[in-house]
Amino acid sequence: MSIFNISHEQKQAHTMSYLHNHVYYEMYFQLSGERNYFFNNKYYQLPRNTLVVISPHVLHKFEGGPYERILVIVPKEFLPAMQHSYLDKLHEAGAIHFNDEDMAEIQKILNELIRLNSAITRDNQLQLSLTFSTLLHKIYYAESNTINSTYTLKQDTLNYQLSPSILKIMDYVRNHYKEPITYKDLCLHFNLSKAWIAKGFLQANGLTVFQYKLALQLNEAQRLLKNTILPIEQIASVLGFSSVNYFCKVFKAHLSLTPLQFRKSRTNRIK
């Protein structure tokens with residue numbers, strides 16, 4: 001199995017109309033164009049020479065174009081602890097912008113990773129690992145600036161995607177996803193109609209409020225199954241599922257594995 005995958009793509013425009021997540025790290029290098037990036041209730045405008053790192057199980061989406069990008073996919077289990085800690089730190093920064101000189105050097109390393117990834121040699125995996133370490137080393141020492149988020153607006157508009165109320169509702173759900181939530185709760189809390197919330201949330205995220213809540217529950221369930229020895233019954237209870245049977249049924253429907261099968265399939269279990 002390869003330690004990672006890498007791809008180079010150029011498109012006129014591409015919009016992910018829905019929030020999604022992965023079980024691996026994504027390193028998104030925007031070489032040209034402008035796009036919008038969304039995670040943790042924040043929008044970022046991404047110019048050329050920008051890096052975004054997305055940690056496992058984090059809901060996010062990209063929008064806009066035209067653009068050119070290189071995407072590096074790295075499973076967490078193939079990284080030393082210090083490397084995935086560094087990638088998590090880059091993820092929390094949101095978006096990082098490099099000057100032209102440093103980006104040119106970074107792109108040289110990325111091009112070498114692309115070449116190695118398609119080559120078939122005896123030491124291919126070792127070369128990929130060493131070159132990836134060189135990439136992280138270059139990023140660490142490069143001249144860079146953190147890009148500020150651009151999501152704060154003064155008033156609600158019909159542009160649900162950038163509406164402060166939608167972002168506030170998302171933040172509310174993120175902070176209460178382990179608890180029962182109803183449209184009535186949201187309407188009373190935010191003084192908005194059920195129709196406005198339902199339409200706005202779906203248009204902004206490609207998910208209903210309750211699909212978003214379930215995605216957060218399942219993300220946390222995967223983390224707990226991989227990184228703790230908590231019994232499945234306790235995980236179901238902690239995450240607010242009505243019963244362990246319902247939790248197992250929903251988990252399998254979305255991940256094609258039962259919670260026990262998922263836990264056994266992970267190579268980074270707590271020993």
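The values are calculated or read from the model by the stated rules, or taken from the named source; none is laboratory data. These numbers were taken from a predicted model, which means no experiment stands behind them. Cβ sites come from the backbone with ideal geometry, for glycine too, and all protein chains shown count toward neighbours. Heavy atoms of the whole protein, side chains included, go into the accessibility calculation; ligands, DNA and RNA do not. Shrake-Rupley method; radii C 1.70, N 1.55, O 1.52, S 1.80 Å.
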Worksheet item: Normalised by the residues of the chain, what does the relative contact order come to in percent, with Cα pairs under 8 Å and at least six apart?
Response: 17 percent
Response to the item:
Note: D88 to E34 extended length (0.36 nm per residue) minus current alpha-carbon separation gives 17.1 nm
Discussion item. Set the bar at 21 Å for Cα to Cα. Now go through K42/K168; K168/K249; K76/K249; K89/K138 and name every pair that lies beyond it.
Written reply: K168/K249; K76/K249
Worksheet entry | Accessible-area order (highest first, 1.4 angstrom probe) of the listed residues T134, T258, T50 | T134, T258, T50
Response to the item:
Once I229 and Q261 are pulled to full extension, the length gained, defined as 0.36 nm per residue separation minus their Cα-Cα distance, is 10.1 nm
Worksheet, complete the sentence: Connecting every pair of Cα atoms under 10 Å apart in the chain and solving the GNM, the largest mean-square fluctuation among L79, L116, L188 falls on L188
Fill in: Unit charges on C-beta of K, R, D, E only; dipole of region 214-271, Debye
320 debye
Worksheet item: Using Cα pairs under 8 angstrom and six or more residues apart, how large is the relative contact order of region 1-106, in percent?
Response: 36 percent
Worksheet, complete the sentence: For A95, other-chain or 5+-apart residues with amide H closer than 5 Å (H placed, Pro excluded) are I147
Worksheet item: To the nearest 10 degrees, how steep is helix 209-227 against the longest Cα principal axis of the chain, on a 0 to 90 scale?
Response: 60 degrees
Item to complete: Express in nm, to one decimal, how much length is gained between Y183 and N148 on full extension, taking 0.36 nm for each residue of separation and deducting their alpha carbon distance.
Response: 9.4 nm
Item to complete: Please give the helix 244-255 orientation as an angle from the longest Cα principal axis of the chain, in degrees from 0 to 90, rounded to the nearest 10.
Response: 40 degrees
Fill in: Surrounding net charge for F98, when Lys and Arg each add one and Asp and Glu each subtract one, Cβ distance under 11 Å
-3
Fill in: Where the chain is the region considered: accessible area per residue in Å², 1.4 Å probe
53 Å²
Worksheet item: Counting other Cβ atoms within 10 Å, which chymotrypsin sites (Phe, Trp or Tyr not before Pro) in region 41-150 have at most 12 and lie in a DSSP loop?
Response: none
Worksheet item: Counting pairs of alpha carbon atoms under 8 Å apart in space and at least six apart in sequence, what relative contact order in percent does region 219-271 give?
Response: 40 percent
Discussion item. Counting only protein heavy atoms and a 1.4 Å probe, tell me what percentage of the chain's accessible area is made up of carbon and sulfur.
Written reply: 53 percent
Worksheet entry | Environment charge of G33, counting only residues whose C-beta is closer than 10 Å and scoring Lys/Arg +1, Asp/Glu -1 | +2
